[in-house]
Amino acid sequence: MTNKNKIKPVLFISDNFPPVIGGSSTVYDQICKNNADIVVALSSKENTQGEIKTGINNYDDSCGYKMYRTNRLRVAQKKASKSSKIQSMLTEFMLIIRLIPIITKICFQHKVKVVCVGELIYGGWIVLFSRYILRKKTILYTHGEEISQVADGFYNKYRGVFLRSAHKIIAVSLFCKSQIVSLYNITPDKIDIISNGVDTNRFKTGLRNNDLLLKHNIKNTDKVILTVGRLVERKGHHNLILAMDEIIKSKPNAKLIIIGSGPEEKSLLALTNKLRLNSCITFLNNINDEELIQYYQSADIFTMPNITLKDGDTEGFGLVFLEANACSKPVVGGQAGGAIEAIIHNETGLLVNGYNVDEIANSILRIINDDSLHKTLTKHAYEFAQISTWKTKALLFGDLVLQIQSPIINNTLHFDHHKAINNKKEKRLHITIDFEEMFDWCDLTNSNVSVQGIDEIEQFHQRCVNNNIQVTYLVTYNVLQSNEAVHFLKSIDTNNHEIGIHLHPWNSPPFIERINTFNSFQCNLPHYLEQLKIDEIITLFTKKMGFSPKLHRAGRYGCSQRTLNYLQSKNIQIDLSPSAGYNFNEQGGPNFALMDNSSFWSDKKQQLLCIPVPSIQFLKGPDALTKLVNKNTSIAQLIKKGLQTILPSTPVRLSPEANSLDRMKLIGSLLNQQEIQDFVLSVHSTSLYAGGNKYSSTKEAAQENIDKIIEYAKWSHEHLKTHSATPTTLK
């Protein structure tokens, strides 16, 4: 729990505070309200049209924290001619000049140490001013749509600058974090997730108000479908109305209530009239908080089939789903943006393709027609809301503020590391083949992939058998769908190989998340989604192979302690995921830079053994230089310290890919000096046949990779005294 006595004052700045209506204003209000003893806030009196916001005084007097108001925090942004653009820039500049002394005065008056800015685009300049002029620790609070949406304009061009200038970034979802990492190359260590919460004192279970529904000609025997939100395209109202046209064909007593207003209102009303659905669809707006909660309580199901638009505009999280959950309502939402975290698929509700009308209709019907499913989802939905309160989220905010006040921020990847010691002192060589589909690494996709090269891989395996080399194959979901690949794996002698799973998240169902670099590391997925993908590949593996897998390697080495804990629960015995010495932060992945090459248990009970893919740090320059500085002499160590300060180094794995046989032998020798017992030689199956990847562009290159594996194994057994092994023989 946060010790608030140690937290210095925080200034929270945003145009989006109540009485402005919307998800972000609710977030900022609740964060400040639940941290009222450490927070002061600055917002605006006027909207961008120059109109005074209604209800300011009532809100400011009752919000519970100190609120300052200035006339405006941002100016209206409109498309304009060249001359009017210049005028707009002058207006913006004058606004900044007026705001600087106001912000400075508040910081001085309240001895503010941390500034949190809830305006990425129009308030991004405040990040620069706060950090570099006022010298305050600065946090930038983001929601998703302002990250992913493609937009023109002066401020939009500098989103990356604003994000990089903040000491810390708060994202409301993993989706939001993934967009920041993928689009702006921000290291994930800099981004903390504080997902949206819900006020369970307001939103709670209640009886159905039949009198309220009767005003809209809704009977107590009707099934009520509710949606709440601004009537904008990304919410998916258009397809929900089309789905209602299908729903009433099998469920004539289904009624839809749409609460909200916005630019899509006229077109949605027109569509309702065109489909003659006026008797089963009710549009409402301008309802008060008490009535809103009563509508939640009176519904049978909540739905918002949100979508991602072509310009990237999408839902950052989906606070309404949590509000419905708190009122004990199962939900149906779009598998877009942050909604995949606001909804736990098959537990608190169902996720659908928001563009697919039939899928929307069928999912709604599935819930309202199945009493048992409705009851189960309702139970889990309510439980999920109870652990997602604003009080909990506010504590996370306080923890973050306390963290950045400290001069040292520790972002080291944590594993429950229990070193594995083999008293036999035997040394083992593991040849691991990531048996995967062929695809373009520069364009991750779950389409246009193929499983090839089975004949060549079979020939490689036979050469290994002939040379008494054991092989471990780690197979992806697509490989398990290939009858030819499965036939090969089932036909080879079990004494000469082992088979495990290799999870490529972007090619493994369920396909819920947005495919990008960040999400290609499975440990970055929402926990439930990573579990679902692991379950799916284990189920398919068991069905195809006739036994359950005992080995696992995460695609792109995307492993965390959370991953290991779940693998252990699925009876996985060996994990081969950690890539020792490598830091994948720039791509959004885990940081193994401080991990050594030794095997370790992931748990105290020693049920899951982790065998890292080992590496050696090579100095820039000829390999002889790295060999020289790794000699066990005092002079070599002195030279090494000196060279490391002036020459960059990079980790290199034991692999035939991009390495000569001589370099592979050097890596093996240097690993042997570290007295490790498990030497893992890793290679992709696509490197074993012509055209599979960049390491096997020709038939000759592919054959060379195979030759290097065989020759290295022979050398290792002779000179390092290793013996060929498969991982589970260690247990």
Unsatisfied cross-links (Cα-Cα over 22 Å) in the set Lys427/Lys694; Lys177/Lys694; Lys219/Lys274; Lys8/Lys105; Lys8/Lys391: Lys427/Lys694; Lys177/Lys694; Lys219/Lys274
Cross-link pairs beyond the 19 Å C-alpha cut-off, checked among Lys223/Lys251; Lys570/Lys605; Lys6/Lys111; Lys605/Lys721: Lys605/Lys721
Net +/- balance of residues flanking His552 in space, Cβ distance below 9 Å, scoring K and R +1, D and E -1: +2
At q = 0.05, 0.06 Å⁻¹, base-10 log of I(q)/I(0) for the chain (Debye sum, equal scatterers on each alpha carbon): -0.31, -0.44
Spin-label zone in region 660-694 - amide nitrogen under 17 Å from a point set 7 Å from the Cα of Asp623 along the C-beta vector: 660-673, 680-683
Bridge type composition, the chain - antiparallel percent by DSSP, nearest 5: 15 percent
C-alpha long axis of helix 454-466 to longest principal axis of the chain, angle in °: 40 degrees
Theoretical gain in end-to-end length, Lys6 to Asp61 [0.36 nm per residue, Cα-Cα removed]: 17.1 nm
Helix 390-405 vs. the chain, principal-axis angle (Cα, 0 to 90°, nearest 10): 60 degrees
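At R0 = 22 Å, how high is the FRET efficiency between Ala36 and Ile102 if r is their beta carbon distance? Nearest 0.05 is fine. It would help to have the intermediate numbers written out before the result.
On the way: r = 21 Å, r/R0 = 0.96.
Step by step, r from the Cβ atoms, then E = 0.55.
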Label-reachable residues, region 187-211, where backbone N falls under 11 Å from a point 7 Å from Gln403's Cα toward its Cβ: 189-194
Distance (nanometres) between label positions extended 7 Å along Cα→Cβ at Cys442 and Glu426: 4.6 nm
0 to 90° range, to nearest 10: angle between helix 527-545 axis and the chain longest Cα axis: 40 degrees
Computed label-point distance, nm, for sites Asp358 and Glu718 using a 7 Å Cα→Cβ extension: 6.4 nm
Distance (nanometres) between label positions extended 7 Å along Cα→Cβ at Ser279 and Phe547: 6.4 nm
Computed lengthening from Arg135 to Met89, 0.36 nm per intervening residue step minus Cα-Cα distance: 14.0 nm
Fully extended contour minus Cα-Cα distance, from Lys111 to Asn185, at 0.36 nm per residue: 23.3 nm
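Every number here is computed from the coordinates shown, using simple stated rules; none is lab data. Values in this document were obtained by computation on a predicted structure and should not be read as measured data. Backbone-built Cβ (ideal geometry, glycine too); neighbour counts: all protein chains shown.
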